[in-house]
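The values are calculated or read from the model by the stated rules, or taken from the named source; none is laboratory data. Because the structure is a prediction, the values reported are computed rather than measured. FYI the Cβ positions are ideal-geometry reconstructions off the backbone, even for glycines, and counts take in every protein chain you see.
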Amino acid sequence: MTQIDEARAGRVTDEVRRAAKGEPLGAEDISGLIAAGQAVVCANRRRPAARGLSAIGRGLKVKVNANIGTSLDSPDVAGELAKLRAAVEAGADAVMDLSTGPDLQEVRRRILEESPVTVGTVPIYTAAVGAARSGGIRGMTADGMLAALRADAEAGVDFATVHAGVTMQVVEVYRSCRRICGIVSRGGAFLAHWMLFHKRENPFYERFDEVISIAREHDLVLSLGDGLRPGAIADSFDRAQVAELSVLAELARRAQDAGVQVMIEGPGHVPLHEVAAQVRLAKSMTRGAPFYVLGPLVTDVAPGYDHIVGAIGGAVAAQAGADFLCYVTPAEHLRLPGVEDVRAGVIASRIAGHAADIARGIPGAADWDREVSILRRARKWGELCEKVMDPRAARESRASAVPSREDTCTMCGEYCAFRVLDEAGV
């Protein structure tokens, strides 16, 4: 029995009860949303039950994912585990292992062992790395791609991105578009290359019943990937993107009808004025399935600051109904992120998600802000630093002030507005 099966039978699972802690909705309500395909709990039955679980979907707090993983240029497993710890300490609800380095299996095993939060993967990366000695991307096989999904599921991965919407028909639509950046999704690019070279349909689409079977066996959440997400704001909302979304909507219904939980992945680079419309379209087409967005990035001109760009888009997307924000780090478009990049990316996305929770009227969301504001008005800086989004950053900033002041900050010092009002008894 999967989480959807249990929910449809009217039973609330232990996993749902654990995920409901701290949420504005109770376990029974969340179970109802799972039954309707509007929420998921990522809990592969092969992973130890002691880990933290998050519910993702309608009416719940916005969640944040951090991408980590090795590459051929940076194969250090220890470094990725340090990023895992940094992401969790900064408050990430999930991590995705996007490893493409030669140590892929080792880093995945270690991440699954050490992660106290949900773990996701992209099986097409596993397939590509596995085929490196037999022709690289062209050397992948349909059986190998499905085997990679099964291997990840059996390893205990909680959710997997499957780029099943990159079909031959959708690729033809893409080829008729005049994109600046083409296909920026690695998974989408791998599949398009393989399909065009072999003149064969995408195995994840053609054999989607097998994908469903693997997911159902392990209660793996399918995150239906947007292989044709726009990689430049000029490419946003073109026919290729919408054509793929239409395929993903159909596949989501098939998976949910078979008792498999589904998320839909979204863009990408989207100008600010289009973000809300894209979220609402995706929600409408997929019957309210949880929506997982990368950013979105609302301008292309700020490499080095793309965590800020992504937070701007993420806040707008989440207010409009996006449920799960994939972080963007300051290193985006430039290099593999380091530990501090991971911290900055997680915090930026958490700020976006929290701001959206307030705007969406999530019960209790604004109470946190009220508590911090009361402490600031009382000039209780030590207590304030422990209550904010990133206590470490607040403490370090406060400690760096010269001269050190106990009851004011060095911005205003003797002219602190709060102090002046207190002395006046106002």
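Please verify whether Arg207 is surrounded by fewer than 22 Cβ atoms within 10 Å (Cβ to Cβ) and in contact with a Phe, Trp or Tyr (Cβ under 6 Å, 6 or more places away or on another chain), treating the condition exactly as stated.
no
Do you know which residues across the range 320-330 are among the aliphatic types (A, V, I, L, M) and either over 13 Å from the mean Cα position of the chain (by Cα) or not assigned by TED's automatic domain parsing to the domain that holds Glu274 (or both)?
Our first condition is that a residue be among the aliphatic types (A, V, I, L, M); within the range 320-330, this holds for 320, 322, 325, 328.
Result: Ala320, single match.
Among residues belonging to the range 70-103 that are assigned to a loop (DSSP other than H, G, I, E, B) and of a type in the set (A, V, I, L, M, F, W, C), point out the one that is nearest to the chain's Cα centre (by Cα). Full working, then the answer.
At the first step, the residues of the range 70-103 found to be assigned to a loop (DSSP other than H, G, I, E, B) are 70-76, 90-93, 98-103.
Filter once more, keeping what is of a type in the set (A, V, I, L, M, F, W, C): 72, 90, 92, 98.
Details: Leu72: 23, Ala90: 15, Ala92: 9, Leu98: 12 Å.
Going through the qualifying residues, I end up with Ala92.
Within the bounds of the range 25-46, is there any residue that is within 21 Å of Ala151 (Cα to Cα), outside the structural domain of Thr286 (by TED's automatic domain parsing), over 16 Å from the mean Cα position of the chain (by Cα) and among the hydrophobic types (A, V, I, L, M, F, W, C)?
For the range 25-46, residues within 21 Å of Ala151 (Cα to Cα), outside the structural domain of Thr286 (by TED's automatic domain parsing), over 16 Å from the mean Cα position of the chain (by Cα) and among the hydrophobic types (A, V, I, L, M, F, W, C): absent.
Within the range 19-37, restricting attention to residues that are part of a helix (DSSP H, G or I) and touching a residue at least 24 places away in the same chain (Cβ under 8 Å), which residue is farthest from Asp5 (Cα to Cα)?
Ala19
If you scan the range 270-285, which residues turn out to be touching a residue at least 40 places away in the same chain (Cβ under 8 Å) and surrounded by 24 or more Cβ atoms within 10 Å (Cβ to Cβ)?
Result: Val270, Val275, Gln278, Val279.
Which condition breaks for Ile4 when tested against (1) surrounded by 23 or more Cβ atoms within 10 Å (Cβ to Cβ); (2) of a type in the set (A, V, I, L, M, F, W, C); (3) touching a Ser or Thr at 6+ places or on another chain (Cβ under 6 Å); (4) over 24 Å from Gly91 (Cβ atoms)?
(3) is the only condition that Ile4 fails.
Would you check which residues across the range 384-408 are farther than 20 Å from Ala90 by Cβ and surrounded by 15 or more Cβ atoms within 10 Å (Cβ to Cβ) and list them?
Arg405, Thr408
Of all the residues that make up the range 30-45, how many are under 26 Å from Met285 (Cα atoms) and surrounded by 19 or more Cβ atoms within 10 Å (Cβ to Cβ)?
Residues flagged as under 26 Å from Met285 (Cα atoms) and surrounded by 19 or more Cβ atoms within 10 Å (Cβ to Cβ) within the range 30-45 amount to 11.
Within the range 47-54, is even one residue modelled with pLDDT of 95 or more, touching a Gly at 6+ places or on another chain (Cβ under 8 Å), over 19 Å from Leu325 (Cα atoms) and not assigned by TED's automatic domain parsing to the domain that holds Val260?
Within the range 47-54 (the criterion being modelled with pLDDT of 95 or more, touching a Gly at 6+ places or on another chain (Cβ under 8 Å), over 19 Å from Leu325 (Cα atoms) and not assigned by TED's automatic domain parsing to the domain that holds Val260), the answer is no, since none of the residues qualifies.
Each row is one residue, and each column tells you yes or no for (1) over 24 Å from Ala318 (Cα atoms); (2) at pLDDT 95 or above; (3) not basic (Lys, Arg).
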| position | (1), (2), (3) |
| --- | --- |
| Glu6 | yes, yes, yes |
| Arg11 | yes, yes, no |
| Glu28 | no, yes, yes |
| Val41 | no, yes, yes |
| Thr100 | yes, no, yes |
| Asp103 | yes, no, yes |
| Glu106 | yes, no, yes |
| Pro116 | yes, yes, yes |
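So that you can scan it fast, the table gives a plain yes or no per residue for (1) in contact (Cβ under 8 Å) with a residue 60 or more places away in the chain; (2) assigned by TED's automatic domain parsing to the domain that holds Leu72; (3) not in a loop (DSSP other than H, G, I, E, B):
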position	(1), (2), (3)
Ala289	yes, yes, no
Thr299	yes, yes, no
Ala302	no, yes, no
Gly310	no, yes, yes
Gly313	no, yes, yes
Ala318	yes, yes, yes
Glu332	no, yes, no
Leu336	yes, yes, no
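Let's see how each residue does on (1) surrounded by fewer than 18 Cβ atoms within 10 Å (Cβ to Cβ); (2) of a type in the set (D, E, K, R); (3) more than 19 Å from His218 (Cα to Cα):
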| site | (1), (2), (3) |
| --- | --- |
| Thr126 | no, no, no |
| Arg133 | yes, yes, yes |
| Gly139 | yes, no, yes |
| Ala142 | no, no, yes |
| Ala148 | no, no, no |
| Ala151 | no, no, no |
| Phe159 | no, no, no |
| Val162 | no, no, no |
| Thr167 | no, no, yes |
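Output the residues belonging to the range 382-425 that are farther than 27 Å from Ala355 by Cα, in a helix (DSSP H, G or I) and basic (Lys, Arg).
Within the range 382-425, just Arg419 meets the criteria.
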